[in-house]
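Structure record follows, encoded as structure tokens.
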Amino acid sequence: MKDFNFDLPVDRYHTASLKWERYKDKDIIPLWVADMDFRSPPAVIQALGRRLEHGVFGYGSAPKTLIKVVCEMLVRRYRWQVEPEHLVWLPGLVSGLNVACRSVGKECDEVMTLVPIYPPFLTAPRNSKRELVTVPLKAGKERWEIDFTLLEHSITGKTRLLLFCNPQNPVGRVFSRKELDVLVALCCKHNIIICSDEIHCDLLLDSGKEHIPTATVSKEAAARTITLMAPSKSFNIPGLGCSFAVISNSSLRNKFLQSMAGIVPEVNILGFTGAEAAYSDGWDWLADLLEYLRGNSRLVEKEIGSMKGLSMHHVEATYLAWIDARTIDEISPGRFLENFGLGLSEGSEFGLPGFVRLNFGCRRSLLQEALKRIKKAVAVKNVSA
Ligand SMILES: Cc1ncc(COP(=O)(O)O)c(C=O)c1O
């Protein structure tokens with residue numbers, strides 16, 4: 001353990017980084033879009049180097065060795081037996097969400113999701129001419145929870161698909177078997193297909209928690225679930241664009257493939273290389289990363305908890321903190337905080353204004369500076385209130 005140095009500063013300017021270019025000429029710490037500032041596992045960097053050295057970059061197809069590594073990983077981590085032909089390779093999970101909307105039901109049908117939620121969940125249904133139905137998560141005493149009564153009340157005769165996120169971005173929940181059982185039972189009862197985005201499944205911060213893929217809950221769950229997964233978040237390679245869907249129901253899979261045809265490009269060859277190296281040899285790095293993220297998470301929870309007017313629930317998974325900042329501004333606290341040198345994600349983009357999302361996947365010293373700035377902003381707000 002502790003073989004990797006996550007405190008090492010890495011200059012990300014001039015690397016075409018979405019996260020860092022946004023504020024490049026300003027003294028604003030970018031803690032918004034969900035990638036981390038850390039170098040990827042050495043095994044990934046070395047494998048990519050070898051692939052680059054080869055020098056020929058023609059069209060790719062998923063290597064058999066990668067397919068084997070993914071299937072073995074699913075058995076080892078989740079006791080989930082997946083046939084190679086159940087995998088559908090995708091250049092991104094957002095593509096997967098949009099394809100799922102296109103492949104289930106027809107125009108004007110309803111697609112449900114639980115809010116707050118990662119913004120593409122809110123746009124994918126309309127991109128496919130489906131109606132979006134949002135159901136608010138409940139802020140419980142200890143954690144954010146699914147209000148199953150409200151969820152069931154929101155189902156109509158036109159509801160065909162649930163876009164589900166577990167672990168949940170932005171509230172950081174890892175849903176329990178009990179919760180998944182109820183959710184799946186509800187979807188079976190109302191004949192709703194589930195698209196389960198599990199991109200954050202390796203980033204569990206609570207050691208007592210386990211990730212349970214929705215599709216593994218029961219045979220019925222497997223038959224109605226499109227699971228989306230990727231090494232992107234876990235090994236910090238989202239820019240390589242390699243992800244996959246697991247769809248065991250052949251009719252659902254065929255519809256999904258038909259909806260992709262001619263629109264969704266192949267995964268790029270470096271993505272395949274990065275994914276295979278990560279899933280083969282990235283696990284020690286990931287274990288150290290999780291220790292580091294736990295430290296960051298503890299720091300954020302302690303500091304935010306001590307600031308008058310701000311609050312957050314415990315983060316069970318992901319490197320994202322979902323902060324209630326309504327006392328700063330009911331609509332756009334992110335804009336206020338930007339004036340104090342912080343680039344956070346605005347809650348309104350996730351369907352819940354008055355909150356901000358803070359990405360703590362960065363070196364500790366930068367996070368400490370960001371928290372100092374938040375403290376200052378809160379103090380100014382409290383004085384002027
Ligand atoms: C829940 C969730 N799904 C999908 C994505 C993006 O996936 P991709 O970059 O593969 O499209 C993110 C990125 O933050 C995410 O948090």
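The values are calculated or read from the model by the stated rules, or taken from the named source; none is laboratory data. The shown structure was predicted, so the numbers you read here are calculated from the model rather than taken from an experiment. Cβ coordinates were reconstructed from backbone atoms using ideal geometry, including for glycine residues, and neighbour counts include every protein chain displayed.
Restricting to region 103-136, name every residue that is surrounded by 22 or more Cβ atoms within 10 Å (Cβ to Cβ), of a type outside the set (Ser, Thr, Tyr) and out of contact with any Gly (no Cβ under 9 Å at 6 or more places or on another chain).
Matches in region 103-136: VAL104, MET112, LEU114, ALA124, PRO125.
Is there a residue being at pLDDT 95 or above, hydrophobic (A, V, I, L, M, F, W, C), over 26 Å from VAL267 (Cα atoms) and more than 14 Å from the ligand (Cβ to nearest atom) anywhere in region 113-123?
Looking through region 113-123, none of the residues is at pLDDT 95 or above, hydrophobic (A, V, I, L, M, F, W, C), over 26 Å from VAL267 (Cα atoms) and more than 14 Å from the ligand (Cβ to nearest atom).
All but one of (1) closer than 23 Å to TRP322 by Cβ; (2) within 13 Å of the ligand (Cβ to nearest atom); (3) without any contact (Cβ under 8 Å) to a residue 40 or more places away in the chain; (4) buried (at least 16 other Cβ atoms within 10 Å of the Cβ) hold for ASN98; state the number of the condition that does not hold.
Of the numbered conditions (1) closer than 23 Å to TRP322 by Cβ; (2) within 13 Å of the ligand (Cβ to nearest atom); (3) without any contact (Cβ under 8 Å) to a residue 40 or more places away in the chain; (4) buried (at least 16 other Cβ atoms within 10 Å of the Cβ), the odd one out for ASN98 is (1).
Any chance region 222-231 includes a residue that's more than 21 Å from ASN254 (Cα to Cα), within 16 Å of the ligand (Cβ to nearest atom) and surrounded by 24 or more Cβ atoms within 10 Å (Cβ to Cβ)?
There is at least one residue in region 222-231 that is more than 21 Å from ASN254 (Cα to Cα), within 16 Å of the ligand (Cβ to nearest atom) and surrounded by 24 or more Cβ atoms within 10 Å (Cβ to Cβ).
Find the helices (runs of 4 or more DSSP H) located wholly in region 232-315 whose residues include 3 or more that are closer than 30 Å to GLY140 by Cα, and list them.
283-305
If we keep just the residues of region 147-169 that are more than 16 Å from the ligand (Cβ to nearest atom), of a type in the set (A, V, I, L, M) and under 14 Å from ILE194 (Cβ atoms), which is surrounded by the fewest Cβ atoms within 10 Å (Cβ to Cβ)?
Among those residues, the one meeting the criterion is ILE155.
Test LEU180 against the criterion of being surrounded by fewer than 24 Cβ atoms within 10 Å (Cβ to Cβ), under 30 Å from THR15 (Cα atoms), more than 11 Å from the ligand (Cβ to nearest atom) and not aromatic (Phe, Trp, Tyr), and give yes or no.
No.
From the list GLY309, GLY282, GLY343, GLY305, exactly one residue is over 22 Å from GLU210 (Cα atoms), small (Gly, Ala, Ser) and buried (at least 21 other Cβ atoms within 10 Å of the Cβ). Which is it?
Working: GLY309 fails: buried (at least 21 other Cβ atoms within 10 Å of the Cβ); GLY282 fails: over 22 Å from GLU210 (Cα atoms); GLY305 fails: buried (at least 21 other Cβ atoms within 10 Å of the Cβ).
Step by step, each of GLY309, GLY282, GLY343, GLY305 is checked, and only GLY343 is over 22 Å from GLU210 (Cα atoms), small (Gly, Ala, Ser) and buried (at least 21 other Cβ atoms within 10 Å of the Cβ).
When the residues of region 197-209 are narrowed to those that are more than 13 Å from ALA230 (Cβ to Cβ) and in contact (Cβ under 8 Å) with a residue 12 or more places away in the chain, which ends up surrounded by the most Cβ atoms within 10 Å (Cβ to Cβ)?
The extreme case among them is LEU205.
Only one of (1) closer than 23 Å to ARG357 by Cβ; (2) hydrophobic (A, V, I, L, M, F, W, C); (3) within 16 Å of the ligand (Cβ to nearest atom) is not met by ALA139, so which one is it?
Failing condition for ALA139: (3).
Residue by residue, here is whether (1) closer than 30 Å to ALA261 by Cα; (2) part of a helix (DSSP H, G or I) holds:
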| site | (1), (2) |
| --- | --- |
| VAL88 | yes, no |
| ASN98 | yes, yes |
| ALA124 | yes, yes |
| GLU152 | no, yes |
| VAL171 | no, no |
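Can you pull out the residues in region 126-136 that are touching a residue at least 12 places away in the same chain (Cβ under 8 Å) and either part of a helix (DSSP H, G or I) or within 17 Å of LEU352 (Cβ to Cβ) (or both)?
ASN127, LEU132, VAL133, THR134, VAL135, PRO136
Any idea which residue in region 141-150 is modelled with the lowest pLDDT, counting only those that are farther than 25 Å from ALA34 by Cα and not in a helix (DSSP H, G or I)? Don't jump to the end; show me each part of the working.
Going residue by residue through region 141-150, those that are farther than 25 Å from ALA34 by Cα are 141, 147-150.
From what is left, the residues that are not in a helix (DSSP H, G or I) are 141, 147.
Numbers: LYS141: 94, ASP147: 98.
Ranking the candidates gives LYS141 first.
Within region 312-337, can you find the residues that are surrounded by fewer than 19 Cβ atoms within 10 Å (Cβ to Cβ) and in contact (Cβ under 8 Å) with a residue 60 or more places away in the chain?
In the first step, residues of region 312-337 are kept if they are surrounded by fewer than 19 Cβ atoms within 10 Å (Cβ to Cβ); the result is 314, 326-327, 329-332, 335-336.
Scanning region 312-337 gives a single hit, HIS314.
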